[in-house]
Amino acid sequence: MQISCSVMIFSFRGEVSTSRPSKEIDVLPSAAHKKFMNKPISWDDQRAFLAVLEEGSYSAAARLLGLTQPTVRARIESLEAALGTTLFTRSVHGLTPTEQARALGDSAKAMAHASDAFIRSATAASGQPGGAVRVSVSEFVGIEVIPPMLARLAEIHPAITIELELSNTGADLLEQQVDIAVRMFPPRQAALVAKKAGAIRMGLYAHADYLARHGTPQTLDDLKGHRIIGPDRDRTDLALVQALFPGLAPRDLAFRTDSHPAVLAAARAGIGIAAVQRPVADADAHLCPVLPMLAMPALDTWIVTHENLRHVARIRAVFDHLVEAFSIYASGERP
């Protein structure tokens with residue numbers, strides 16, 4: 001049962017580092033390339049194309065863009081005429097992208113990210129702490145940790161607007177899909193600037209009602225008769241668990257989920273014992289520590305941005321604020 005307790009260490013590691021090799025694809029026939037070079041293509045048409053590609057229908061794309069369905073259809077037809085190719089075919093499942101459309105998808109996404117970054121940069125004058133800042137965090141951090149920090153930021157810098165992206169996969173800062181990321185691993189790319197904000201401690205917790213019904217474990221052996229909350233199918237978590245504890249099987253856990261907020265929700269509901277970030281659990285009057293002297297690894301926390309953005313006033317303001325806020329959070333102090 002000692003093994004089952006240790007599994008929980010890996011349930012709140014947050015983001016998973018991913019990298020994608022860059023590559024160029026010649027998506028247009030070379031004979032037609034010069035013809036299209038002199039033919040202007042509307043960005044509005046390309047935005048409509050990307051929306052249809054991602055949503056799978058004119059109607060869904062229209063809702064996403066805030067347009068009418070005929071307008072989206074017209075923009076797709078205009079783009080197809082400009083490119084001289086068919087981008088979508090009808091099927092029983094909606095609109096199916098052609099091979100040409102799929103090849104164009106990455107380029108359209110890159111342009112959309114660049115457009116978003118351009119708009120964020122233009123929302124405030126240079127040197128002024130105002131405008132939009134896009135921040136990427138894990139689901140658990142986005143739901144349980146960062147909202148109070150952003151509330152304080154709004155009081156200090158009311159002209160700054162936050163766009164919060166919740167994802168357990170590391171956002172691409174090199175392509176500036178986001179301006180700032182909160183990560184549980186240090187960046188490896190030279191173009192990124194990062195500052196360690198602290199190490200968040202983990203601990204085992206259970207609802208007071210659960211402990212009243214089942215008793216409070218005093219030793220690791222006491223955990224054998226308790227319900228343990230842990231990961232389900234997440235390959236990263238399971239691989240880490242199997243590497244350290246080869247004999248552990250998911251069926252040994254009484255409640256399994258790969259959603260980090262759901263792990264906390266299950267503990268709050270009294271389902272069993274789970275590993276939780278201590279600052280969050282200690283702030284909940286209904287959660288009680290279990291084996292508080294048990295040593296568990298901490299989560300190193302980094303605030304990261306692109307080196308080209310570190311001197312932009314609004315980016316620097318949010319970056320510095322998050323470094324300070326997460327340092328306080330990791331220390332267990334109240335701001």
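The values are calculated or read from the model by the stated rules, or taken from the named source; none is laboratory data. This one's a predicted model, so the numbers in the text were calculated from it and none came from an experiment. Every residue, glycine among them, receives a Cβ derived from its backbone with ideal geometry; neighbour counts consider all protein chains shown. Protein only, heavy atoms only, side chains kept; ligands, DNA and RNA dropped before computing areas. Shrake-Rupley method; radii C 1.70, N 1.55, O 1.52, S 1.80 Å.
For a Förster distance of 30 Å, can you work out the FRET efficiency between the beta-carbons of GLU165 and ASP284, rounded to the nearest 0.05?
Plugging the Cβ-Cβ distance into 1/(1 + (r/R0)^6) gives 0.70.
Measuring from label point to label point, each 7 Å out along Cα→Cβ, what is the THR236 to GLU99 span in nm?
It is 3.4 nm.
Once you put a point 7 Å from the Cα of ALA208 and another 7 Å from the Cα of MET293, both along the Cβ direction, what distance in nm separates them?
Result: 2.4 nm between the two label points.
Rounded to the nearest 0.05, what FRET efficiency do ARG201 and ALA154 give with R0 = 25 Å and r taken as the Cβ-Cβ distance? Could you check? Intermediate results must be reported in sequence, preceding the final value.
On the way: r = 28 Å, r/R0 = 1.11.
Given R0 = 25 Å and the Cβ-Cβ separation, E is 0.35.
Using 0.36 nm per residue, how much length does the chain from ASP320 to THR68 gain when fully extended, once their Cα-Cα distance is taken away?
Details: separation 252, 0.36 × 252 = 90.72 nm, distance 4.23 nm.
Extra length from ASP320 to THR68 when fully extended: 86.5 nm.
Tell me the carbon and sulfur percent of the accessible area for the range 176-223, rounded to whole percent, probe radius 1.4 Å. Numbers along the way, then the final one.
Numbers: 1000 of 2160 Å².
The nonpolar share, carbon plus sulfur, comes to 46 percent.
Would you pull out the residues with amide H under 5 Å of THR96's amide H, same chain only if 5 or more places away, H placed 1.01 Å from N?
Result for THR96 returns THR89, ARG90, SER91.
So for the range 277-335, taking the charge dipole from beta-carbon charges (+1 Lys/Arg, -1 Asp/Glu), which of ILE328, LEU294, ALA281 sits furthest toward the positive end?
The residue sitting most towards the positive pole is ILE328.
Residues with amide H under 5 Å of ALA132's amide H, sequence separation 5 or more or different chain, H placed in the peptide plane at 1.01 Å from N; which?
Hits under the 5 Å cutoff: THR123, THR161.
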